[in-house]
1. Out of everything in region 238-268 that is over 19 Å from the mean Cα position of the chain (by Cα), part of a loop (DSSP other than H, G, I, E, B) and touching a residue at least 60 places away in the same chain (Cβ under 8 Å), what residue ends up being nearest to ligand 1 (Cβ to nearest atom)?
2. If you go through region 48-65 one residue at a time, how many are more than 16 Å from ligand 2 (Cβ to nearest atom) and either within 20 Å of the chain's Cα centre (by Cα) or part of a helix (DSSP H, G or I) (or both)?
3. Starting from region 357-381, take each residue that is farther than 20 Å from residue 120 by Cβ and touching a residue at least 40 places away in the same chain (Cβ under 8 Å) and list its partners that are among the hydrophobic types (A, V, I, L, M, F, W, C) and in a loop (DSSP other than H, G, I, E, B), counting only C-beta distances under 8 angstrom and pairs at least six apart or across chains.
4. Given the conditions (1) of a type in the set (A, V, I, L, M, F, W, C); (2) surrounded by fewer than 19 Cβ atoms within 10 Å (Cβ to Cβ); (3) more than 25 Å from the chain's Cα centre (by Cα), report the number of the one that residue 295 does not fulfil.
5. Restricting to region 1-45, what's the tally of residues that are hydroxyl-bearing (Ser, Thr, Tyr), out of contact with any helix residue (DSSP H, G or I) (no Cβ under 9 Å at 6 or more places or on another chain) and not in a loop (DSSP other than H, G, I, E, B)?
6. Would you please name the residue that is surrounded by the most Cβ atoms within 10 Å (Cβ to Cβ), looking only at residues in region 247-263 that are among the hydroxyl-bearing types (Ser, Thr, Tyr) and over 17 Å from residue 306 (Cα atoms)?
7. Among the residues of region 88-104, is any assigned to a loop (DSSP other than H, G, I, E, B), surrounded by fewer than 19 Cβ atoms within 10 Å (Cβ to Cβ) and either modelled with pLDDT under 95 or within 16 Å of ligand 3 (Cβ to nearest atom) (or both)?
8. Please state which one of 4, 53 is surrounded by 15 or more Cβ atoms within 10 Å (Cβ to Cβ), farther than 20 Å from residue 109 by Cα and basic (Lys, Arg).
Amino acid sequence: SYRKGGYHAVRVGDTFAGGRYIAQRKLGWGQFSTVWLAYDTQTSKYVALKIQKSAPEFAQSAIHEIEILSAITEGDPECKKCLIRLVDHFKHTGPNGQHLCMVLEFLGDSILQLIKYSRYKGLPLRIVREICKCILIGLDYLHRELGIIHTDLKPENILLLSTINPSKDPFRSKMEPILSKPEGGLNGGGPVLNAIEKKLKQRARQAVARISARRMAGGQPAPKPARSLDGIDFRCKVVDFGNACWGSSPLAEEIQTRQYRAPEVILQSGYTYSVDMWSFACTAFELATGEMMFAPKIGQGFSEDEDHLALMMEILGKMPRKISVGGLRSKEYFDRYGDLKRIRRLKSWPLSRLLVEKFKFSANDAREFAEFLTPILDFAPEKRPTAEQCLQHPWLNKASESGVEKVDGEMSKLQIKAGK
Ligand code: ATP
Ligand code: MG
Ligand code: MG
């Protein structure tokens with residue numbers, strides 16, 4: 001893809017925007033761009049430099065992404081809303097053409113990586129709650145104040161705040177940015193950045209060991225090891241607005257990454273902000289259990305879509321007939337009674353039972369977490385609570401994981417009533 005219309009090749013030490021930004025190391029890449037850690041000589045901060053492929057269709061999509069990111073950044077001058085910020089944007093001409101470049105605040109690992117560090121066993125509920133709060137603050141602002149639907153919420157698109165911030169980090173003295181091209185070709189990252197990353201990964205691994213120890217001890221908290229995740233602030237931000245759209249004009253028919261896709265998108269019954277809430281619930285489940293909530297597969301005689309609908313109904317119960325037959329594509333999957341045409345036998349495995357039986361949650365943790373997630377996974381999009389309503393839910397505001405058990409009546413009184 002490093003050809004005309006494609007990616008721009010960058011070397012460590014390359015400068016951009018008239019010398020303002022200096023490339024440090026590659027952070028990642030996607031279908032549209034490569035992303036580099038760069039040093040901003042004007043603010044003395046690290047930034048993420050996203051360099052778009054140059055062909056017109058990529059430029060067009062960058063213009064859209066810049067428009068959305070500008071709205072996000074301008075509407076939140078106090079930087080409180082847990083969404084990635086756009087610092088600057090400019091054009092850069094190279095051998096493969098003219099590339100639109102976005103300068104974004106520099107963030108750390110994605111929460112997908114956090115799940116990987118847990119060896120796919122899931123994170124402590126205390127941390128899941130912290131991350132959920134951040135995502136919901138971001139979604140509430142995005143939906144209610146800006147009128148934007150993200151359409152691709154998933155663990156990969158939630159990034160932790162980077163602790164490798166030169167102005168705040170204790171390792172600051174060691175953080176010498178590469179201010180010019182290195183002599184002997186420094187490959188990829190600076191050794192100091194790598195060392196810090198290693199340290200963070202080590203801390204994450206220790207936390208994971210603690211989680212599994214606790215799980216093996218039958219849900220009892222294990223004694224704290226010397227170093228834990230306790231010092232790490234689990235704040236995070238929602239990123240990747242390349243597919244976001246204005247709520248007033250949803251464009252694409254097929255949105256969202258498969259496993260996080262809402263039923264109304266599969267059935268093509270029209271969608272709105274609440275598709276992000278569905279993906280949010282799938283993301284929260286994955287954080288807590290380490291496994292995707294729905295991982296559909298093509299089978300003999302049925303499609304991936306049909307398996308997906310079957311998996312949903314196994315956990316969430318039968319889809320109301322009005323909804324199952326109400327989409328443009330309903331007839332492909334459902335008969336007129338609202339039963340799947342090709343997958344006839346469904347085994348029922350309700351969420352709280354699944355959490356206990358498969359993921360070894362305590363009965364109480366399972367019940368409370370299921371009470372939080374189930375209303376968000378309502379098949380009727382208009383009945384799902386909004387991000388604002390979710391933020392009020394008692395599960396998010398519990399004092400601590402091993403905290404005092406709540407009386408049943410008290411819990412249900414405080415519960416979010418769907419549709420209100
Ligand atoms: P996609 O195909 O996912 O749409 P894309 O070309 O739009 O890809 P992004 O997903 O925005 O690119 O970024 C690619 C990768 O770069 C991310 O997965 C992440 O690893 C890294 N990255 C992006 N933005 C940042 C950031 N602000 N801070 C740190 N790393 C980032
Ligand atoms: Mg991406
Ligand atoms: Mg993108």
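The values are calculated or read from the model by the stated rules, or taken from the named source; none is laboratory data. Just so we're clear, the structure is a prediction, and the values are computed from it rather than from any experiment. Glycine also receives a Cβ, built like all others from the backbone with ideal geometry; neighbour counts cover every protein chain displayed.
1. Going through the qualifying residues, I end up with 252.
2. Here is the first cut: in region 48-65, the residues more than 16 Å from ligand 2 (Cβ to nearest atom) are 54-57, 59-60, 63.
Adding the requirement that they be either within 20 Å of the chain's Cα centre (by Cα) or part of a helix (DSSP H, G or I) (or both) leaves 56-57, 59-60, 63.
Adding up the residues that qualify gives 5.
3. Going by the 8 Å Cβ cut-off, the qualifying pairs are 375/416; 375/418; 378/418; 379/319; 381/262.
4. All conditions are met except number (3).
5. As a first pass, look at region 1-45 and keep what is hydroxyl-bearing (Ser, Thr, Tyr): 1-2, 7, 15, 21, 33-34, 39, 41, 43-44.
Checking which are out of contact with any helix residue (DSSP H, G or I) (no Cβ under 9 Å at 6 or more places or on another chain) leaves us with 1-2, 7, 15, 21, 34, 39, 41, 43-44.
Among the residues that remain, those that are also not in a loop (DSSP other than H, G, I, E, B) are: 15, 21, 34, 39.
Qualifying residue count, region 1-45: 4.
6. Just the residues of region 247-263 that are among the hydroxyl-bearing types (Ser, Thr, Tyr), to begin with: 248-249, 257, 260.
Of the ones still in play, those that are also over 17 Å from residue 306 (Cα atoms) are 248-249.
Values: 248: 9, 249: 7.
Here the residue is 248.
7. Narrowing region 88-104 to residues assigned to a loop (DSSP other than H, G, I, E, B): 95-96.
Narrowing further to those that are surrounded by fewer than 19 Cβ atoms within 10 Å (Cβ to Cβ): 95-96.
So of that shortlist, the ones also either modelled with pLDDT under 95 or within 16 Å of ligand 3 (Cβ to nearest atom) (or both) come out as none.
Looking through region 88-104, none of the residues is assigned to a loop (DSSP other than H, G, I, E, B), surrounded by fewer than 19 Cβ atoms within 10 Å (Cβ to Cβ) and either modelled with pLDDT under 95 or within 16 Å of ligand 3 (Cβ to nearest atom) (or both).
8. On the way: 4 fails: surrounded by 15 or more Cβ atoms within 10 Å (Cβ to Cβ).
So the residue among 4, 53 that is surrounded by 15 or more Cβ atoms within 10 Å (Cβ to Cβ), farther than 20 Å from residue 109 by Cα and basic (Lys, Arg) is 53.
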